[in-house]
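Chemist: Structure in structure tokens, see below.
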Amino acid sequence: MGKSIQLFVLFSLFSTFLFAQKEVTISGKVIDKETNQPLEYATIAFFSKKENKIVTGGITNMKGDFSIPVARGLYDITIEYISFKTITITDKKLEKSENIGSFSLDLDTEALGEVEIIAERTTVEIKLDKKIYNIGKDLTTAGGTVSDALNNVPSVAVDIEGGISLRGNENVRILINGKPSAMAGFGDTNVLSQLPAEAIERVEVITSPSARYDAEGTAGILNIILRQKETLGVNGSFNLTVGDPENLGLSANLNYRTEKFNLFSNLGYRYADEPRNSFNDTKYFDRIVDGITETPEYERIREDQDVTRIKRSYNGSLGMEYFLSDKTSLTGSVFYRYGEDADLSENYSDRFNNGSIVEQTLRNEKEDEDGDSYQLALNYITKFNDDGHQLTADLQFEQGSEEKLTSINEDYIFTDKTNPDAFQQEIVNEIEDEKEYLFQVDYVLPIGENARFEAGYRGNFKNEIKDYTLEQEDIANSSFFVNDTITNIFDYTENINALYTQYGTKLGKFSFLLGLRLENTQLKGEINSRLSNEELQEAFGFPIDTNFDRNYLGLFPTVNLIYNLAGADSDEEESVTLGYNRRINRARGYFINPFPSRSSRTNVFQGNPNLSPAFASAFDVGYLKRWDELTLTTSVYYQHETDSFERVEENTGQQTTDGIDIIRTIPVNLSSNDRTGAEFGVLYNPNKWLRLNTSFNAFQFNTKGEFNGVDYSAKNTSWFARFSSKIALPSSIDWQTNAFYKGASEDAQSINKGVFSLDLAFSKEILNDNATISLNARDIFNSRKRRTLTTTEFFQRENESQYRQRQINLSFRYRFNQQKMRNERRNNNGGGDDDMDFEG
């Protein structure tokens, strides 16, 4: 029996050897002739002359490479890629393993006119200075907004109030197509909640920005690249969304392209009811003033607020790219947005002494806001050759205005006081105007095959004027008068001029990008108020300069290194990256305006005109490993920031007419902030019907410093994690689940509890795959709430607030003259994605 087994094994090995001698391995590479980029998923087919049929084939990997075993013989070999012209090699005799070369595919303009390329799955690309997340087909954000889509990007978190943070740091710079934009609300991220998520093509997470980018944003940069159609002929799509709470969205994307020009446009309308609520329970402590113990008017105040918010917005854009020659183009575009908000707030306030309610009031606040903004942009690009030698210039102008009218009325429901003082009604009128000019020129010079020199200039000039008027009721005759101690005009200007240069090269497995940016920042402010500097200082409790002009000149070096561990011939991808950059954080206007908000009589936000820019040095080490079905990304990071911005709460020493202490929140420059963290991400696609995506980010902020004699040094340790799965069900139905958890955190004054949310979505292709219908539920357990405990020497406050409730949306999208594809053709259009294209 043993001898029979030995003979069988020998026979098997001999048969395998003979078969192997008849088989050879054919390899090669497929690239896009226009961009010189590799084409992933290009197909290679072998047509046997002997058998008169296709006998084998394969596809290219992410580097455009293929390696296919084939039996010896005579073949016709075809290389194909959707929307590109097919290459055919006829009568190729294959007798030995060989590399048959690199194939450059030309665009098939006739086929291209029939398709729109849409990424079906989220992917990540590692560049020298960024991570690029192709959003793909994210069902949970269908009918949602840009803010919703950002909340699904690793390293990024959007809090319950719409604030965006990167790795837990809110000092993040938001760019649209590589530039500051009216579409991002001049830095006001609330506008991102009005743009549809379907507009996003990809998000660039730039934690170690190169010298090409603004030095603004100590956390880094989020560059949102919007979709641009490049297909010939007329094509487009229509979107309709309905939801509960009331949500109606309509948008259209229309495009017309010829060989000479590309005309593109989109229109959108959104109506949404976004109710929010909050609850505050504040306990006040006795305090000692000049050796005398003072007891507060009330020992405890409990506030319960419900807000009805109606939002309407319209946006539209129109642009044309005109091809002056094969190498030169001129693009002009105009963007316009108009929005209306109507908020109605009811705030019940219960006041306690000796454990019993002694007074209850109802504060009604009606706020109407409308505003518009527009942007004019002009871009010029000339390519001196096909190797990347080019010159680009951008000119952009933006203007926006908002007017907010707020009426505030508070009345007693009951009180234990005899003849209590009546509350004054208030009318607040705020008018804000913003203008911004941008001019940028960039020059790129390739040096040899693997090196590139780059230099450029950017000028950014911004002005905002806020006209604030407070009218208060004269209780004696019910008339209104202007309170000129609060009424003011705040004029704020920020001018930035920058020069940069950088050089990058690739040396075998090693690549680097070195840069230096010189920026001059001018911050000018003028406060037009009846109060003098001395009166302002007395009213606000710190010295105030009503007319300031400050200049800051800074050098911002950047270093980005990448080492390819896998080697050029490996089918896998493995790399290590190292980044260093110096950043600046400039205060926005509302952080500087010293006049307090009037949204509450007892809790106010007040800006600080004495704020100086914060500077930070950041280090980042990353690792990426990619297999056929699995992508692993990890990184550790450290940042040291000086004069960091921190918000502190303190007692102003002032009281309302009914004896309640007024607490203010104010941003201040603390001495330093050290941030340390690590992140981990996995993309796993074991087969066509399943996709898994998870990420984890842990970080610690160590703050040191004091303000007004109070030490605010503290350590804040926290983490957040997200998980996403997408499953293809029978009948062409897709099911997606997204889960997010943000861990508890703590700073010098507050403890924040953890937050969990879960999103579900289903979609189905209909009408011959020309349309998609989607149903999604965001925050299905209605658990996305902020819960905070704040303790100071004067009070302790528990807060629970929900900025947005559970949302259920039904969306319908129809595409015409388009065809879905599984792979997205790479291009370098859209804002700064032409840095050194060295992948890990």
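The values are calculated or read from the model by the stated rules, or taken from the named source; none is laboratory data. This one's a predicted model, so the numbers in the text were calculated from it and none came from an experiment. Here Cβ is always computed from backbone atoms with ideal geometry, including for glycine, and neighbour counts include all displayed protein chains.
Chemist: I'd like to verify a number: residues in the range 451-496 that are of a type outside the set (F, W, Y) and under 26 Å from S401 (Cα atoms), how many?
Modeler: Matching residues across the range 451-496 total 26.
Chemist: Also: Which residue pairs have Cβ atoms closer than 7 Å, lie 6 or more positions apart in sequence or on different chains, and pair a first residue in the range 353-369 that is closer than 16 Å to T418 by Cα with a second residue that is not in a strand (DSSP E or B)?
Modeler: Partner pairs satisfying both residue conditions: V358/D416; E359/D416.
Chemist: Only one of these is touching a residue at least 12 places away in the same chain (Cβ under 8 Å) and either within 30 Å of T577 (Cα to Cα) or in contact with a Phe, Trp or Tyr (Cβ under 9 Å, 6 or more places away or on another chain) (or both): F512, F480. Name it.
Modeler: On the way: F480 fails: either within 30 Å of T577 (Cα to Cα) or in contact with a Phe, Trp or Tyr (Cβ under 9 Å, 6 or more places away or on another chain) (or both).
Every option except F512 fails the conditions.
Chemist: Another question, then. Taking the range 414-449, which residues are closer than 28 Å to Y298 by Cα and outside any strand (DSSP E or B)?
Modeler: Selection gives D416, K417, T418, N419, P420, D421, A422, F423, Q424, Q425.
Chemist: Taking I26, is it at pLDDT 80 or above, surrounded by 15 or more Cβ atoms within 10 Å (Cβ to Cβ) and under 18 Å from E95 (Cα atoms)? Full working, then the answer.
Modeler: Details: at pLDDT 80 or above: yes; surrounded by 15 or more Cβ atoms within 10 Å (Cβ to Cβ): yes; under 18 Å from E95 (Cα atoms): yes.
Here the answer is yes, as I26 does meet what is asked.
Chemist: Separate question: Taking L10, is it at pLDDT below 80 and within 39 Å of the chain's Cα centre (by Cα)?
Modeler: Numbers: at pLDDT below 80: yes; within 39 Å of the chain's Cα centre (by Cα): no.
So L10 does not fit the description; no.
Chemist: Restricting attention to the range 57-66, does a residue exist that is more than 22 Å from A566 (Cα to Cα) and outside any strand (DSSP E or B)?
Modeler: no
Chemist: For the list (1) more than 38 Å from the chain's Cα centre (by Cα); (2) within 30 Å of N460 (Cβ to Cβ), I need the number of the one condition that S401 fails.
Modeler: So S401 meets the others, but not (1).
Chemist: Say whether the condition of being assigned by TED's automatic domain parsing to the domain that holds T493 and within 30 Å of the chain's Cα centre (by Cα) is met by at least one residue in the range 524-537. Give the derivation first.
Modeler: Looking only at the range 524-537, we keep the residues that are assigned by TED's automatic domain parsing to the domain that holds T493, and these are 524-537.
Still in the running and within 30 Å of the chain's Cα centre (by Cα): 524-525.
Yes, some residue in the range 524-537 is assigned by TED's automatic domain parsing to the domain that holds T493 and within 30 Å of the chain's Cα centre (by Cα).
Chemist: Also, quick follow-up: Just give me the residues in the range 251-269 being under 14 Å from L240 (Cβ atoms), surrounded by fewer than 21 Cβ atoms within 10 Å (Cβ to Cβ) and either out of contact with any strand residue (DSSP E or B) (no Cβ under 9 Å at 6 or more places or on another chain) or not aliphatic (A, V, I, L, M) (or both), in sequence order. If you could, list the steps in order and put the result at the bottom.
Modeler: Residues of the range 251-269 under 14 Å from L240 (Cβ atoms): 251-253, 267-269.
Of the ones still in play, those that are also surrounded by fewer than 21 Cβ atoms within 10 Å (Cβ to Cβ) are 252, 267, 269.
Within the range 251-269, Y269 is the sole residue that qualifies.
Chemist: Filter the range 588-612 down to residues that are at pLDDT below 75 and of a type in the set (K, R) and give me whichever is nearest to N488 (Cα to Cα).
Modeler: R598
Chemist: Taking the condition of being part of a strand (DSSP E or B) and either surrounded by fewer than 20 Cβ atoms within 10 Å (Cβ to Cβ) or on the phi > 0 side of the Ramachandran plot (or both), how many residues in the range 469-493 meet it? Give the derivation first.
Modeler: The initial filter retains those residues of the range 469-493 that are part of a strand (DSSP E or B), namely 469-474, 479-482, 488-493.
Now drop any that are not either surrounded by fewer than 20 Cβ atoms within 10 Å (Cβ to Cβ) or on the phi > 0 side of the Ramachandran plot (or both), which leaves 469, 471-474, 479-482, 489, 491, 493.
The qualifying residues number 12.
Chemist: When the range 572-599 is examined, which residues are found to be part of a loop (DSSP other than H, G, I, E, B) and either in contact (Cβ under 8 Å) with a residue 24 or more places away in the chain or more than 25 Å from Y468 (Cα to Cα) (or both)?
Modeler: Keep residues of the range 572-599 that are part of a loop (DSSP other than H, G, I, E, B), which gives 572, 586-588, 593-599.
Across the range 572-599, the qualifying residues are E572, R586, A587, R588, N593, P594, F595, P596, R598, S599.
Chemist: Can I ask one more? Go over the candidates E51, E34 one by one and state the one that is out of contact with any Ser or Thr (no Cβ under 7 Å at 6 or more places or on another chain), within 27 Å of G388 (Cβ to Cβ) and of a type in the set (D, E). Working first, answer last.
Modeler: On the way: E51 fails: within 27 Å of G388 (Cβ to Cβ).
One residue alone meets the criteria, E34.
Chemist: Would you say S617 is in contact with a His (Cβ under 8 Å, 6 or more places away or on another chain), of a type in the set (S, T, Y) and surrounded by fewer than 19 Cβ atoms within 10 Å (Cβ to Cβ)? Step through it out loud before you land on a result.
Modeler: Values: in contact with a His (Cβ under 8 Å, 6 or more places away or on another chain): yes; of a type in the set (S, T, Y): yes; surrounded by fewer than 19 Cβ atoms within 10 Å (Cβ to Cβ): yes.
Yes, satisfied.
Chemist: Given (1) modelled with pLDDT of 85 or more; (2) surrounded by 15 or more Cβ atoms within 10 Å (Cβ to Cβ), identify the lone condition not met by V115.
Modeler: So V115 meets the others, but not (1).
Chemist: When you scan the range 501-560, how many residues do you find that are in a strand (DSSP E or B), touching a Pro at 6+ places or on another chain (Cβ under 9 Å) and among the acidic types (D, E)?
Modeler: 0
Chemist: Identify, from the list E359, E346, the residue that is surrounded by 15 or more Cβ atoms within 10 Å (Cβ to Cβ) and of a type outside the set (F, W, Y). Spell out the reasoning first.
Modeler: Working: E346 fails: surrounded by 15 or more Cβ atoms within 10 Å (Cβ to Cβ).
After applying the criteria, what remains is E359.
Chemist: Let me confirm something: among N477, N483, N495, which residue is out of contact with any Asp or Glu (no Cβ under 6 Å at 6 or more places or on another chain) and either farther than 16 Å from F423 by Cα or not assigned by TED's automatic domain parsing to the domain that holds L395 (or both)? Before you say what the answer is, go through the steps one by one.
Modeler: Working: N477 fails: either farther than 16 Å from F423 by Cα or not assigned by TED's automatic domain parsing to the domain that holds L395 (or both); N483 fails: either farther than 16 Å from F423 by Cα or not assigned by TED's automatic domain parsing to the domain that holds L395 (or both).
Every option except N495 fails the conditions.
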